[in-house]
Amino acid sequence: MGNFFSRLIGFVYISKDDPEAVRIAHMTFWGNRKDEYYKKTDFVPFSDLPDNVSDIYIHVKVYDQPKSTMYISLKYGYVLDKEQFEEVFGGISELVVTQKSTNSKRQS
């Protein structure tokens, strides 16, 4: 499990100073935060991957690291800026941008 969670993306940042720079934040095996830096053009578009948008985890691949796979959750995460997200990972017309509800109640 530790290896999977070390490849699970927590945050994706776009630099205001350099709009082509993308920072991916994830955890290491030991639980420390690790930031990796890429260009927008480094990512394989979601449309070129075999995943479905409704899957819990979607593969994130980088062109020059074909054996390295990271994962992002579109089902349980949310996107703040759909336009920037699609610039990095490619357009997905059926992608629904939602925010987590702060009023969610647990049913017993």
Inset, instruction - With the condition kept exactly as written, say whether any residue in segment 86-101 is loosely packed, with under 10 Cβ neighbours inside 10 Å, outside any strand (DSSP E or B) and modelled with pLDDT of 80 or more. - result: no
Legend entry - Scope segment 1-43; condition touching a residue at least 40 places away in the same chain (Cβ under 8 Å) and surrounded by 11 or more Cβ atoms within 10 Å (Cβ to Cβ); matching residues: Arg7, Leu8, Ile9, Val12, Ile14, Val22, Ile24, His26, Lys40, Phe43
Inset, instruction - Please specify each residue of segment 51-86 satisfying the condition of being farther than 22 Å from Asp18 by Cβ and among the aromatic types (Phe, Trp, Tyr). - result: Tyr57, Tyr71, Tyr76, Tyr78
Legend entry - Within segment 19-56, tally of residues that are in a loop (DSSP other than H, G, I, E, B), in contact with a strand residue (DSSP E or B) (Cβ under 8 Å, 6 or more places away or on another chain) and within 20 Å of Leu80 (Cα to Cα): 1
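Give me the residue from segment 8-18 that is at pLDDT 90 or above and part of a loop (DSSP other than H, G, I, E, B) and, out of that set, farthest from Gln65 (Cα to Cα).
Selected residue: Asp17.
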Legend entry - All positions within segment 1-31 that are aromatic (Phe, Trp, Tyr), out of contact with any Gly (no Cβ under 6 Å at 6 or more places or on another chain) and over 18 Å from Ile58 (Cα atoms): Trp30
Inset, instruction - Would you be able to say whether some residue in segment 57-68 is small (Gly, Ala, Ser), more than 11 Å from Phe89 (Cβ to Cβ) and assigned to a loop (DSSP other than H, G, I, E, B)? - result: no
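The values are calculated or read from the model by the stated rules, or taken from the named source; none is laboratory data. Predicted, not measured: the structure shown is a model, and the values here were computed from it. Neighbour counts run over all protein chains shown; Cβ positions are idealised from the backbone, glycine included.
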